[in-house]
């Protein structure tokens, strides 16, 4: 019973974190589009928001498979790379999914 509740909580955290990553990535991309008018695009090469968009989409797709070993590891890595509030939620959800797999 505890496994299902950990899995469910992890799935919800990953879904919310993925949505946050996606929304912040879109906002970052739109913000970069407006900043390119005023500043050099080379100075903001990492600020595109593409990475957050891709990580958010992968997290949203993977939220249903949070209790599988490979997906849990992928979600933990996504959470670590994504950073911020969304990344933290994905990281915690991946850890809970991993725990739900191995805690009896």
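Readers should treat all values here as calculations from the given coordinates under stated rules, not as data from a laboratory. Here the structure is a predicted model, which is why all the values come from computation and not from measurement. Positions of Cβ are backbone-derived with ideal geometry, glycine not excepted, and every protein chain shown enters the neighbour counts.
Please rank 7, 68, fewest neighbouring Cβ atoms within 10 Å first, as an exposure proxy.
Result, fewest neighbours first: 68, 7.
Under a point spin-label approximation (7 Å from Cα along Cα-to-Cβ), what is the residue 64-residue 50 distance to one decimal in nm?
2.8
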